[in-house]
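First up is the structure itself, then whatever we jot down about it.
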Amino acid sequence: MPNSQWRNWAGVQSRRLLYSKLTWNSLAIYLQQLMGAIIPVLILPWLLRIVGDRQLGLLIMMQTVVNYIYLFSDYGFSTTAVRLAALCRGDRRQLSQLATLITGWRLLAALLLGALTGAGLLLGGVSAAAFWLYLACLVQAIGQAVNPTWLYLALEKSFLFAIFMIASRLISILFILLMTRSAADTSLAAFWLSSVFLLAALPGWWYLIRREKIRFAPFSLAQLRQRLTTDWNFFTASLTTSFYASSPPLIVGLLLGEASAGIFGVLYRFVTMLSNLFLPFYQAAYPRLCVLLTESTRRAAHFLKFVHLGSLGIMLLVTAVLWLLAPFAVKLLAANSDRPTILLFMLLVLIPLVISQNGILGTLTLVAGGWYRDYRNAMLITGLFGLAASILLTYCWGEYGAAAAALGAEILVTILMYAAARRRLAGRLP
């Protein structure tokens, strides 16, 4: 190709990339996720110094309990509803009905499950401090229930909602820094940590109602039943995903004590932040892949190969750098700890490397293609293995056993998802 033609082609492609909705939405979600990942990584070590490892461990354990409430109330709609809304976004009546059904179900289920869980904790004899921490953390489940992130993703307007999320995170971090002075303020810190989604939902729904003409649209029980039945496979997969992915800090706390959960939880949250490195791109690309997989599996497979290689190269580099900087990272994240955490950190940072691959195989392939049964089967097998391995290995080898179990579970689910995706795409994956 002559130089002049090459320059013209490169200029056209650059302008397409610059003005692409996918590009701007990906950048917006990256910025939002970056702040959402960095702020906890910065604030949790600071809280560790202020409130102590025992109080922080108790907070992380209650956050894990509340995450289970959100999982049950969400029913996987935060992912499957994006696909539905993306396919009907030209019909505002149908879109309004879908928004009412999803948000109404999630809010009602979160409130009901929150009340039942609170009653169970009181009957179980938890301390008053632990119960107040639970109530403060419950705000997050309620905020996630009414948060319309999934609708903005479907409308490909993630850039706008990212502004709301960033503003809410800045507000929450400001109040945490101003109002947390000792261990007695742990519940207050937990409340502001948990309020991010609720704060962002308020302007988010105002925009949807005023500008996008989303209205309350009654739905029938038959429609709700149909959605619950259709999404059952994905819900059971999400349920097991959360149990094996979110449970390690809770299992460490129950078996080894709240102080151990505090240190392990800080390191595990850092690993979770790394695991979400490619999540913004997955979220932005997901609506298009839902359509692409229905039109041309060949084009979809070509795109997925490119994403696989790119993400693998980036995560190999990130993992190598973190291994080299492990002593500095541990000192920054868990300075008050006298535990030998460097080896634990080096083991944990292998997890995001594996997750970067199974995220593509799961969300961008099996879920986007509507192959929920394959996704569910992989998650069910992995969930059972992950829970059993986590309990057994944590009991035998403490925090190192919990880290090894989490890594083993991610490797297993990657293998299972790869086999299913390769079969569905007629062997077009390498």
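Structure summary
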quantity: Helix-only CD estimate at 222 nm, as mean residue ellipticity for the chain, using -39500 (n - 2.57) per DSSP H run (n ≥ 4); calculated: -29000 deg cm²/dmol
quantity: Residues with amide H under 5 Å from that of LEU425, placed H, sequence gap 5 or more; calculated: none
quantity: FRET efficiency, ILE163 to LYS213 (Cβ-Cβ, R0 25 Å, nearest 0.05); calculated: 0.75
quantity: Computed E for LEU343/ILE381 - FRET, C-beta separation, R0 30 angstrom, nearest 0.05; calculated: 0.55
quantity: In order through region 355-370: 3J(HN,Hα) via Karplus (6.51 cos²θ - 1.76 cosθ + 1.60), integer Hz, x for Gly, Pro; calculated: 5, 4, 8, 6, x, 5, 5, x, 5, 7, 10, 5, 6, 4, x, x
quantity: Separation in nanometres of the label points that stand 7 Å from Cα toward Cβ, at LEU309 and ALA128; calculated: 6.3
quantity: Convex hull per residue volume in Å³, alpha carbons only, for the chain; calculated: 156
quantity: Potential lengthening between PHE175 and LEU228 on full extension [0.36 nm per residue; Cα-Cα distance subtracted]; calculated: 15.2 nm
quantity: Per-residue HN-Hα couplings for region 207-224 [Karplus 6.51, -1.76, 1.60; θ = phi - 60°; Hz; x = Gly/Pro]; calculated: 5, 4, 6, 6, 9, 9, 6, 7, 10, 5, 10, x, 10, 8, 5, 5, 5, 4
quantity: Paramagnetic reach from SER220 (point 7 Å along Cα→Cβ, amide N under 12 Å) across region 59-79; calculated: none
quantity: Per residue value of the accessible surface for the chain (all protein chains in place, 1.4 Å probe), Å²; calculated: 46
quantity: Karplus-derived 3J(HN,Hα), 6.51/-1.76/1.60, for each residue of region 84-101, Hz, glycine and proline x; calculated: 5, 5, 5, 7, 10, 5, x, 10, 5, 5, 5, 5, 5, 5, 5, 4, 5, 4
quantity: Length added when fully stretched, SER182-ILE411, from 0.36 nm per residue minus Cα-Cα; calculated: 78.4 nm
quantity: Added length on full extension, which subtracts the Cα-Cα distance from 0.36 nm per residue, LEU392 to THR294; calculated: 31.0 nm
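The values are calculated or read from the model by the stated rules, or taken from the named source; none is laboratory data. As the structure is a prediction and not an experimental result, all values here were calculated from the model. For neighbour counting, all protein chains shown are included, and Cβ atoms are generated from backbone atoms with ideal geometry for every residue, glycine included. We work out accessible area using only protein heavy atoms, side chains counted, and drop any ligands, DNA or RNA first. Shrake-Rupley method; radii C 1.70, N 1.55, O 1.52, S 1.80 Å.
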